[in-house]
Amino acid sequence: MKRNSPKKMIKLEGIAASPGIVIGQVFKLTGDVIKVEERDLQPDEISQEIKNFNKALETTKRQLFDLQSQAKTKIGKEGEQIFDAHQMLLEDPVIIKETIDLIKKLAKNADFVYYQVVQKFQKSLEKVDDEFFLGRVADLKDVKRRLIRNIQGGKKMPLSGLTQKAIVVANDLTPSETVLLDKQKVMAFATDRGGKNSHAAIMARSMEIPSVVGTNDISELASSGDTLIIDGINGKAILNPTPSSLNKYLKKRQEYDEETKQLSKLKNLPSRSLDGKDIELSANLDFPDEVTSAINYGARGVGLFRTEYIYLTREQLPALEEEHREYARVAKKVAPHPLIIRTLDIGGDKNPCYIKFPEEENPVLGWRGIRFCLENPKIFKSQLNAILQASVSGNVKILLPMISCLEEVHQAKNIIDQVKGELLSKKIEFNENIEIGIMIEVPSAAIMAEHLAEEVDFLSIGTNDLIQYTLAADRGNQHVANLSKRLPPSVLRIIKNVVDAGHKKGVWVGMCGEMASDPLATLILLGLDLDELSVSPAALPEIKKIIRSISYTDAQKISEKALQMKSSEQIEIYMRNVFYTRFKKKIV
Ligand code: PEP
Ligand code: MG
């Protein structure tokens, strides 16, 4: 009998998205496979289930209309016809009637029943040996997947199969999928796609889930159950390691844990340079529960509280009261230090399933952030109301994302004033002098920073988008990851101008983009006179250690020299050398 030979070790190079070393078994997520589970309904649940089914039909119809108009522009009449066929299959009265009848008769969930009905229909089409009918089968499969996802609330990749601790391997993870990862079970993850500053990567760092993204083909090479090492420090994934590789990584994991323990000793020490310059070190939060860990790492406040999670983890808009409670809870925990709450930055790749976004060719250049909020004043006002009410529970500030021009600042402030007026008239307490700041993450805002600064209390530089938009390199696309450098000279110059512009107008300037968490950048940022760095919590101790081991005067000299350099390679080499000479440590 032939014995199974051990699987061959495969070393994959990717992008280090979230640090840590993890050894575990693969759990593979397959995006295109829809999972439908059979559920029994109680008699009083049946009418709601039929309503959900009809709602999902409407959502799917709208999505198909959007796709159709795009297809019409891009392909012409033929493209339009493809979606006519899809609409027809979606609205097929026989399928719809049979589904509704069976939900009632069998008292089963809509996705399960619809799946059975369509499968039957699909099988009969498959029997016909004709190109036209085969084309219809493909259309039907597509429509089926889309409608079932909508019945299931827009979720793309159900993680319900994950019953024990494992390393998740997927082609890609959207922010709403990442949000749903259960930290108790997901030890780490690796994806084919994605960049260091893709939202999934940022969330992974927040959730402290070690991860490697942009490996190109791990989801094809790995199978569920394979042994996998994730080296989230160096961006490596080792599939089916040999015993000697395994030993090497067990040792590395021990060293990493030891280093983390040493850094934790800095927790209560100030973030002050050797010659006494303070730079505020605060934390970025993607979820409220991270606040405890942020404080444990020594954060003095929260420089960026991303609020998208509230919208992405629900099936409908959050109620004002619920939102207020969440903000107030975090504000109390970080008080007297600031809690900077960023207003909703959905759109782009963060799309709650219950909000209809148009299908856009360039979503990150499209209807997102403040653009969406200004056009949806009801949603925006409700969030502002919750933030303002929470302002009495701590030191809350408002941060507006994706500002690209002065008019947006005026409009947003106008809406904030309206909400303040409503609260005043209802005699609801809030901080009337709440500080308002804007993100500088769009090049036009950076160029106009001096004028924008006149309108607000602070500026916070978002380097993730600023790099993306300045270099025209999609932050989630591994094929252009080589352009999204860590220290692009163009962006460093922009940062300098923004800091100077803010200071000229008497406002403080912070940075909440991921560059603030990069040890290679710290000395430059200190030298550029940023007032605050808001970093991912786990990165905080190391950044503090660097700040504490140099004088501001020396950091200024280093940043001046770096800013004269013409390429990111040059700057990186220079900074690595500086780092090694001073700290006898190599930066990955
Ligand atoms: C940024 O763009 O730098 C930023 C902090 O915002 P986000 O990563 O949420 O887009
Ligand atoms: Mg941004």
Among residues of the stretch 205-216, those that are open to solvent by 60 Å² or more (accessible area, probe 1.4 Å) and in contact with a Leu (Cβ under 9 Å, 6 or more places away or on another chain), counted: 1
Matching residues, the stretch 299-310, being open to solvent by less than 10 Å² (accessible area, probe 1.4 Å) and under 25 Å from Lys265 (Cα atoms): Gly301, Val302, Gly303, Leu304
Matching residues in the stretch 272-324 - criterion: being within 16 Å of ligand 2 (Cβ to nearest atom), among the charged types (D, E, K, R) and in a helix (DSSP H, G or I): Glu308
Cβ-Cβ under 6 Å pairs, at least 6 apart or on other chains, the stretch 335-358 side closer than 22 Å to Ala283 by Cβ, far side away from ligand 1 (no atom under 13 Å from the Cβ) and of a type in the set (Gly, Ala, Ser): Ala335/Gly394; His337/Gly301; Pro338/Gly301; Leu339/Ala331; Leu339/Gly394
Asp474 in a loop (DSSP other than H, G, I, E, B) and within 16 Å of ligand 2 (Cβ to nearest atom): yes
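Can you tell me which of Ser206, Ser176 is under 25 Å from Phe357 (Cβ atoms) and at pLDDT below 80?
Ser176
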Pair list, Cβ under 6 Å, 6 or more apart: the stretch 311-333 residue open to solvent by 60 Å² or more (accessible area, probe 1.4 Å), other residue of a type outside the set (S, T, N, Q): Thr313/Val179; Glu315/Gly153; Gln316/Tyr354; Lys332/Gly394; Lys333/Val291
Test: Leu466 is open to solvent by less than 50 Å² (accessible area, probe 1.4 Å), away from ligand 1 (no atom under 16 Å from the Cβ), touching a helix residue (DSSP H, G or I) at 6+ places or on another chain (Cβ under 9 Å) and part of a helix (DSSP H, G or I): no
Residue satisfying condition, being away from ligand 2 (no atom under 16 Å from the Cβ), farther than 25 Å from Ser536 by Cβ and in a helix (DSSP H, G or I), within set Ser224, Ser219: Ser219
Unmet requirement for Ile355, which otherwise passes all of (1) β-branched (Val, Ile, Thr); (2) away from ligand 2 (no atom under 14 Å from the Cβ); (3) farther than 18 Å from Pro288 by Cβ; (4) in contact with a Pro (Cβ under 9 Å, 6 or more places away or on another chain): (4)
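The values are calculated or read from the model by the stated rules, or taken from the named source; none is laboratory data. As the structure is a computational prediction, the values presented were derived from the model and not from experiment. Neighbour counts are summed over all protein chains in view; Cβ atoms, including those assigned to glycine, are modelled from backbone coordinates with ideal geometry. Heads up: the accessible areas ignore ligands, DNA and RNA and are worked out on the full protein's heavy atoms, side chains in. Shrake-Rupley method; radii C 1.70, N 1.55, O 1.52, S 1.80 Å.
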